[in-house]
Amino acid sequence: MKKLIYLTGLLLVFFQPGFSQPQPAAGSKLSLPAALKFALANNETIKKAQLDEKGAEYKIKETKGSGLPQINGTGTVTTYPALATQLLPGELAGQPGTLIPVQFGTKYNTSGGIQLQQLLFRKSFFIGLEAAHTTQDLYSLRTQMSEEEVIYNVSSAYLQLLQTKEQFATINANFKRLEQLEKILKLQYQNDVATKVQLNRVTVNKTNLENSRQTLNAAYDQQLNALKFFMGMPMDQNIEVDDAAVVLDIPLTAQDDARAILAEKVNFKLLNTQKDLYKLNVRNISSGYTPSLSAVGNYSYNAQRNQFNFFDGSQPWFKAVSIGVQLNVPIFDGFQRKNQIRQAQIEVDKVEQDISQLTRNTQMALENARTQIQTSLSSIQAQERNVNLAQEVYRNTNDLYKEGLAPLTDVLDTEVNLREAQTNLNNERLKYQLAQLTYLQAKGELKTLLK
């Protein structure tokens, strides 16, 4: 093993690490704000939420329409193959003590007219109109919730992509070194300087590293597809994330006011709007105990014939007009409405529990995010110092090796330590940015990433 480490060190001395990474086919580079703006315009979940919001506008118009005059046209044609027979006292025809069979009506009857009904008072109408406006507010908040979810998902996928791209630096550098070392060992093996076992070990390590690179490359493709999915972008569109700029660097406030933050969060407003809607439902059911009043009017023409000659203009038609009001007073419904109110009130109580849970969850999320940010920031500072120290040790050891004062194994060990320190620093930076993303989500400020 020491010989293998020694031979591997040859590569570290003579070859500088290179960096190559999987590049999608030529396409536009996306910054995080650009990716988020594209997602807000194209994500299907947001589009569905916007359609629900549009549907709520039509619901308001529908509810208003029930308070406008309702006009219906009517028309009937009736035929009586056998007219009903009634028995009249014979005294009417000078035949006392007998019953005379008489048929009333004609064989054909027809009528046509217009019926108008105008709501004068129904408490549920006004409650329904208020509920329709509240529903519109609810769907508007749901659209905002969908936008925040998309922003979080796109941002998280974007950061993961940056992390995966960074991981290729170490893997590709190692792979290039192993390739060069393999070439050197082949020459040394041919000259009986290196053994077959040493050469095989390098080949095995190179193969394992190649497998790791392929796995990472597959992960990169999957993460890129996930980013496209959250953005609402076609999978065959070529894009490349812009890894040149710092993505997130949000300073922590001295102290977060959880109550103030909660009051401005979309999901808190959504739950309160939902609670208002459920309360309106309770009021709507309760309004069923209230009488309703409507104005009604009918205007019609009718005709009666023994022959089907309704199109004969010389035959008479008779007009009928009626105007009135209709009062409906609920008296007893078998306690149905009472139990409906109780069921509706349970929904209000359930939302109250959701609000209480959200309050505690917001406090927890803020505290956890702050703790993670502070921990990651401290870890980054420690890892940066560690990287600087590892670089200094590597340079000094490499200089000593060139002067013949240090074995190559020491050079290898210090280079491995440097690479591990750089990897740990990269991982901590990702944790730091993800913690900031979670912190923004807890504060309800994810949309600041659009700027």
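Across the stretch 282-330, the qualifying residues are those that are at pLDDT 90 or above and of a type in the set (D, E, K, R), and the one among them that is least open to solvent (accessible area, probe 1.4 Å) is 283. Selection over the stretch 288-337 of residues that are part of a strand (DSSP E or B) and over 30 Å from residue 82 (Cα atoms) gives a count of 13. Restricting attention to the stretch 190-229, which residues are hydroxyl-bearing (Ser, Thr, Tyr) and open to solvent by 30 Å² or more (accessible area, probe 1.4 Å)? Across the stretch 190-229, the qualifying residues are 195, 203, 207, 212, 215. For the stretch 39-77, the candidate set comprises residues that are under 28 Å from the mean Cα position of the chain (by Cα) and among the hydrophobic types (A, V, I, L, M, F, W, C); within that set, the residue that is farthest from residue 111 (Cα to Cα) is 39.
If you check 269, 275 for being under 26 Å from the mean Cα position of the chain (by Cα), farther than 26 Å from residue 439 by Cβ and touching a residue at least 40 places away in the same chain (Cβ under 8 Å), only one passes: 275. Identify, please: which residue in the stretch 353-401 is surrounded by 13 or more Cβ atoms within 10 Å (Cβ to Cβ) and of a type in the set (Asp, Glu) and is, among those, farthest from residue 250 (Cα to Cα)? For the stretch 353-401, the residue satisfying everything is 354. Those strands (runs of 3 or more DSSP E) of the stretch 55-158 in which 2 or more residues are in contact (Cβ under 8 Å) with a residue 12 or more places away in the chain and open to solvent by less than 70 Å² (accessible area, probe 1.4 Å) occupy 70-79, 99-103, 108-121.
The values are calculated or read from the model by the stated rules, or taken from the named source; none is laboratory data. What you see is a predicted model, and the numbers here were worked out from it, not measured in a lab. FYI the Cβ positions are ideal-geometry reconstructions off the backbone, even for glycines, and counts take in every protein chain you see. Accessible surface is based on the protein model in full, side chains and every heavy atom, while ligands, DNA and RNA are left aside. Shrake-Rupley method; radii C 1.70, N 1.55, O 1.52, S 1.80 Å.
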